[in-house]
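As structure tokens, the structure follows; a few thoughts come after it.
The values are calculated or read from the model by the stated rules, or taken from the named source; none is laboratory data. Bear in mind that the values here come from a model prediction, so they are computed numbers and not experimental data. Note that we place each Cβ from the backbone using ideal geometry, even for glycine, and neighbour counts take in every protein chain shown.
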Amino acid sequence: MVGIGGLIGRDAEARAVTRLLSDVSRPRALVLEGEPGIGKTTAWLAGVALARERGFRVLAARPGSAETALSYSSLSDLLGELEPDVWSTLPDPQRHALDRALLRTELGETPTDPRAVAAALLSVLRQLALDGPLLIAVDDLHWLDTSSTHAVAFALRRLTGRVAVLVTARTDRDSVAATAWLQLPTPDAIERMSLQPLPIRDLHALIAERIGRDLPRSIVRRIHELSAGNPFYGLQLARSVDSTVVDPTSMPASLAEAVHARISSFDAGVRHALLAVACAAAPTVDLISRAVGDDADTLLAMLKGAETAGILEISEGHVRFAHPLLARGVYAGAGAAPRRSMHATLADLVTEPESRARHLALAATSATQQTLDIIDQAAEFARKRGAPAAAAELLDLALNLGPGGDTVERRVRAAGHHMGAGDSARARDLLNHAIADSDPGTLRAQALMTLAVVELFDNSFTRGAEILERGLQEVDGQEFLRAPMLATFAFALLNVGRIADAADAVDQAVLVATRSGSPPALLGQILGMRAMVRFLQGEGIDEADLSRALELDNPAVDVPIAFRPSMQNALLLGWSGQLARARAELDSIRRSCQERGAESELVFVSFHACFVAIWMGSLDDAEQLAEATVERSELLGGNVSRFIALTIRAATRAHTGREEEARADLTEALAANARSGFEAMRDWPITVLGFLEVSLGNYDAALTALRPLIARVKAAPRTTEMSNAAFIPDAVEALIATGHLTEAELLIDMLERNGQRLERPWMLAVGRRCRSMHHAARGLTDAALQAADQALVEHDRLAMPFERGRTLLVQAAIHRQSRRESSAQRSCAEALVVFEQLGMHLWAARARAEMTGKGTLTTAEQRVARLTASGMTNSEVAAALFVSPKTVEFHLAGIYRKLGIRSRAELGRHVSSGRF
């Protein structure tokens, strides 16, 4: 039966293509799968034709096996016919990256960022989808070059608008792995259809339609038996049947034999030209004519028979095989020596560095210095083009040439490119062999340094630190390598909690970098890291180091975001309470990451931007940022990005009072953190959990969660910045509520002492609030009110409205304890306005309860109430709870107020009723 585009026997496929093109309300994809020759390309071509008939803009690519070696070749095919106005809409970083990747402009010294190329493709697709329905069509998805694959995968996962995707993929290999990267924003948007063999009736009709004659039924039956219903195989067999043949057993017994028979029917000159087409990555009439030594007209005349026979397709100066199996048959059947000879010929003709290097490598039987030099230069060209996978593949070709090509230095370079392409397993394997095969010295130190970076990228900071420690023992006198190694070592140590050791390492790095005249950008990164380490040690901001780091910062140098001085500056601004400036800097960095397609870095930046937004009271902005980060983490995969995203979403949910959702996020975040081994950031979700429990009045649970953090800050009493001690106000409230006044005072002393030393408004404001609570717990209401007033003065210097509201709530409770009802109502009302404006429902409820004087009893108050109701005196209760009698008096005053009672007798009745 004939369907769309003349498809024979493919009704189901025709319906699937029609469905795909009929509903583009959201991105959808159809994957046509099947063995080679089953008819995928025919169905694909029919789908492309139908899309054009229906007014779709079609971006199409038909890569072949030779093109997998040419970086961005398929991306060039997809975008080859774009109008100039589409390019002009791209942000500058994306346009420049795409221009360089597609060789539309000269490559500079700075490597192109492949992430920016991917982001540019996404921007182009989104723009085109706004103009009308768009079809992205790729035939033989498995032949897509690696660089194009990365860009297309990035874009498809983030598609929006009226977009359809039609691709074909083979199933004679691991088809799931070959197409696993193909994902759309919603998993159910991808339909997979496996093409089945044609029944004999449809194969008969196809043969008659394609070769123009009606073969005898016995011959067709034999063809169907041999081909098992494979259309391409069946057609090859049918074409091999001479019109006089009547014996079906005389036909070729296999597809390979049938293809060989067809190719062998041409003379030597044609076969030579066919081999040139099979060897070339992008064959043109001009290139093939020069390869075989003929002019273009002679070549076209010579290939006319192959074109008529359906072996080749020649159009607009380009030449391609009608089917990949024909190319494979020509290449495999030519023999090794003719293949090497043709590759050598093509190497002399092509000018594109990557193609020339590959042809030379495939022509070589051993490593000559000239060949190796050309391969090395091509790998560097690919790196600058933004194709680390292509650079890695080129160096792998050199390594495979044996002695001379397989060197430790080249293994290390290849490993770096593999890491850049996301293949850490291959990078690790190359580096381990390089380390094992080299003697102590510079080369092995470089291998160790690169291996450590691989481990750090996989978030194995302990392993990375161990490798760097070993590498540092082998770089004495090699200060050009020692400085970056020390800086990386400091970063690893910082992330495993060895801050003092990190400080020593970064101090050494500064000395070495300064003494050795390291590149300015590297010195800037090291100075910025030293400013970070000193800050985390509790020494405040080293303005001299940070200012110098920012002067030396070079945005063109590709380094991880954590090493970039601009990011270090933004973090230090936020952590020191300069929130408006921090937010502006982080927003700028986020925009840059978005333009460059730096998704992993964007997750990291968004994490800190979200907390700054929360601190500033911009909870709506924080929620939007958190949700976007969760979506981004799902696209990226991996435990670290998942942990980071869920932590900030849990923080926004905890602050807006969505308890169950916050707990679910925190549980999953902590599990992802445990799987990742990224211990350095585990304090953040624990801090959020502690805050949630305090918000709910679950003080025992809060203390259980926060105990590890309390122990850490006790061991380093100078480190009470918001970055590592945001939990202290919650810990103090929980400690006071549970009667641990001495321990609470220790934390309060730290806050106030460090706040005065560093002139830090946050420490001073929350420190005085905590002091106020502590005084009140001891019954010192006048001192408590004075401390609360002092805290509010400090809040005037701090753009953190929630912290101010929290202090007002404490002040209201103390006013009520002092029987100053009007003052209590004013403070409470002001706090309520703050909490309601912020959308912090749990805290608004606490403020309302305080206004009525009937809040929920804390855990400590419940303990005091039960013991008092049992008949104990205040002194006996104090002894039982290890607190002072004044603390018991303080709690009883709060209990009476909240329960609306006036005597112990009433308390006894209340407790015995089980109403709390």
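Taking the criterion of being modelled with pLDDT of 90 or more, surrounded by 15 or more Cβ atoms within 10 Å (Cβ to Cβ) and not in a helix (DSSP H, G or I), the only residue of the range 322-351 that qualifies is Val350. Every condition in (1) under 13 Å from Val603 (Cβ atoms); (2) surrounded by 16 or more Cβ atoms within 10 Å (Cβ to Cβ) holds for Gly637 except the one numbered (2). Sort out which residues of the range 363-417 are hydroxyl-bearing (Ser, Thr, Tyr) and more than 34 Å from the chain's Cα centre (by Cα), and write them in order of number. Within the range 363-417, Thr365, Ser366, Thr368, Thr371 meet the criteria.
Return yes when Thr719 is touching a residue at least 24 places away in the same chain (Cβ under 8 Å), among the polar types (S, T, N, Q) and surrounded by fewer than 24 Cβ atoms within 10 Å (Cβ to Cβ) and no when it is not. Criteria met by Thr719.
Per the conditions (1) part of a loop (DSSP other than H, G, I, E, B); (2) within 25 Å of Ser76 (Cβ to Cβ); (3) without any contact (Cβ under 8 Å) to a residue 60 or more places away in the chain, the sole criterion not satisfied by Ala253 is (2). Take Leu798 and tell me if it is in contact (Cβ under 8 Å) with a residue 60 or more places away in the chain and either touching a helix residue (DSSP H, G or I) at 6+ places or on another chain (Cβ under 6 Å) or assigned by TED's automatic domain parsing to the domain that holds Glu861 (or both). For Leu798, the condition - in contact (Cβ under 8 Å) with a residue 60 or more places away in the chain and either touching a helix residue (DSSP H, G or I) at 6+ places or on another chain (Cβ under 6 Å) or assigned by TED's automatic domain parsing to the domain that holds Glu861 (or both) - is met.
Look at (1) crowded, with 22+ Cβ neighbours inside 10 Å; (2) of a type in the set (Asp, Glu); (3) not assigned by TED's automatic domain parsing to the domain that holds Leu907 and you find that Glu821 fails only one, number (1).
Which residue out of Gly64, Gly37 is surrounded by 20 or more Cβ atoms within 10 Å (Cβ to Cβ) and under 30 Å from Thr351 (Cα atoms)? Write out each step before concluding.
On the way: Gly37 fails: under 30 Å from Thr351 (Cα atoms).
On inspection, the qualifying residue turns out to be Gly64.
Where in the range 497-592 are there helices (runs of 4 or more DSSP H), lying wholly inside it, with at least 1 residues that are at pLDDT 95 or above and of a type in the set (Asp, Glu)?
Numbers: elements: 499-516, 520-534, 543-552, 565-575.
It comes to 499-516, 543-552.
Please state which one of Ala101, Ala97 is in contact with a Phe, Trp or Tyr (Cβ under 6 Å, 6 or more places away or on another chain) and under 18 Å from Glu354 (Cβ atoms). Write out each step before concluding.
Details: Ala97 fails: in contact with a Phe, Trp or Tyr (Cβ under 6 Å, 6 or more places away or on another chain).
Result of the check over Ala101, Ala97: Ala101.
For the range 101-127, taking the residues that are surrounded by fewer than 19 Cβ atoms within 10 Å (Cβ to Cβ) and polar (S, T, N, Q), the one that is farthest from the chain's Cα centre (by Cα) is identified as Thr105. Of all the criteria given as (1) more than 15 Å from Ser147 (Cβ to Cβ); (2) in contact (Cβ under 8 Å) with a residue 12 or more places away in the chain, the one not satisfied by Pro111 is (1). Report yes if Leu706 is surrounded by fewer than 24 Cβ atoms within 10 Å (Cβ to Cβ) and either in contact (Cβ under 8 Å) with a residue 40 or more places away in the chain or not basic (Lys, Arg) (or both), otherwise no. No. Please verify whether the range 278-285 includes one or more residues that are more than 30 Å from Leu198 (Cα to Cα) and assigned to a helix (DSSP H, G or I). Checked the range 278-285: at least one residue is more than 30 Å from Leu198 (Cα to Cα) and assigned to a helix (DSSP H, G or I).
Please tell me if Leu98 is in contact (Cβ under 8 Å) with a residue 60 or more places away in the chain, in contact with a helix residue (DSSP H, G or I) (Cβ under 9 Å, 6 or more places away or on another chain) and surrounded by 24 or more Cβ atoms within 10 Å (Cβ to Cβ). For Leu98, the condition - in contact (Cβ under 8 Å) with a residue 60 or more places away in the chain, in contact with a helix residue (DSSP H, G or I) (Cβ under 9 Å, 6 or more places away or on another chain) and surrounded by 24 or more Cβ atoms within 10 Å (Cβ to Cβ) - is not met.
Is it true that Ala731 is crowded, with 22+ Cβ neighbours inside 10 Å, in contact (Cβ under 8 Å) with a residue 12 or more places away in the chain, assigned to a helix (DSSP H, G or I) and more than 38 Å from the chain's Cα centre (by Cα)? No. Against the conditions (1) touching a helix residue (DSSP H, G or I) at 6+ places or on another chain (Cβ under 7 Å); (2) in contact (Cβ under 8 Å) with a residue 60 or more places away in the chain; (3) in a helix (DSSP H, G or I), Arg470 satisfies every one except (2). When residues in the range 1-48 are screened for being in contact with a Gly (Cβ under 6 Å, 6 or more places away or on another chain) and either among the β-branched types (Val, Ile, Thr) or at pLDDT 95 or above (or both), 1 of them pass. Here Ser175, Ser194, Ser227, Ser147 are screened, and the one residue that is hydroxyl-bearing (Ser, Thr, Tyr) and at pLDDT below 85 is Ser175.
Here is a check on your reading of the model: is Thr42 without any contact (Cβ under 8 Å) to a residue 60 or more places away in the chain, closer than 30 Å to Ala228 by Cβ and outside any strand (DSSP E or B)? Spelling it out, it is not the case that Thr42 is without any contact (Cβ under 8 Å) to a residue 60 or more places away in the chain, closer than 30 Å to Ala228 by Cβ and outside any strand (DSSP E or B). Apart from one condition, Leu362 fits all of (1) in contact with a His (Cβ under 8 Å, 6 or more places away or on another chain); (2) under 30 Å from Ala273 (Cα atoms); (3) buried (at least 20 other Cβ atoms within 10 Å of the Cβ); the exception is (3). Of the residues examined, Gly422 is one that is in contact (Cβ under 8 Å) with a residue 60 or more places away in the chain and of a type outside the set (D, E, K, R). Where helices (runs of 4 or more DSSP H) sit wholly within the range 824-914, those with at least 2 residues that are in contact with a His (Cβ under 7 Å, 6 or more places away or on another chain) occupy 859-869.
I want to confirm something. Restricting to the range 404-437 and keeping residues that are part of a loop (DSSP other than H, G, I, E, B) and at pLDDT below 90, which single residue is nearest to Arg385 (Cα to Cα)? The extreme case among them is Ala421. Of all residues in the range 5-25, which are surrounded by 14 or more Cβ atoms within 10 Å (Cβ to Cβ), out of contact with any Ser or Thr (no Cβ under 7 Å at 6 or more places or on another chain) and not in a helix (DSSP H, G or I)? Selection gives Ile8, Gly9, Arg10, Val24. Scanning the range 752-789 for residues that are surrounded by fewer than 19 Cβ atoms within 10 Å (Cβ to Cβ), in a helix (DSSP H, G or I) and modelled with pLDDT under 95 gives a single hit, Asp782.
Return the total of residues in the range 811-845 being charged (D, E, K, R) and either in contact with a strand residue (DSSP E or B) (Cβ under 8 Å, 6 or more places away or on another chain) or modelled with pLDDT of 90 or more (or both). Break it down into steps so the answer makes sense when it comes.
To start, the set of residues in the range 811-845 that are charged (D, E, K, R) comprises 816, 819-821, 826, 830, 836.
Filter again for either in contact with a strand residue (DSSP E or B) (Cβ under 8 Å, 6 or more places away or on another chain) or modelled with pLDDT of 90 or more (or both), leaving 826, 830, 836.
So the answer is 3.
Considering only the range 740-751, how many residues are closer than 13 Å to Met773 by Cβ and either part of a loop (DSSP other than H, G, I, E, B) or of a type outside the set (Gly, Ala, Ser) (or both)? Going through the range 740-751 one residue at a time, the tally reaches 6. Contact map, the range 574-599: residues that are surrounded by fewer than 17 Cβ atoms within 10 Å (Cβ to Cβ) paired with residues that are modelled with pLDDT of 95 or more, Cβ distance under 6 Å, separation 6+ or inter-chain. Pairs shown: Arg581/Leu573.
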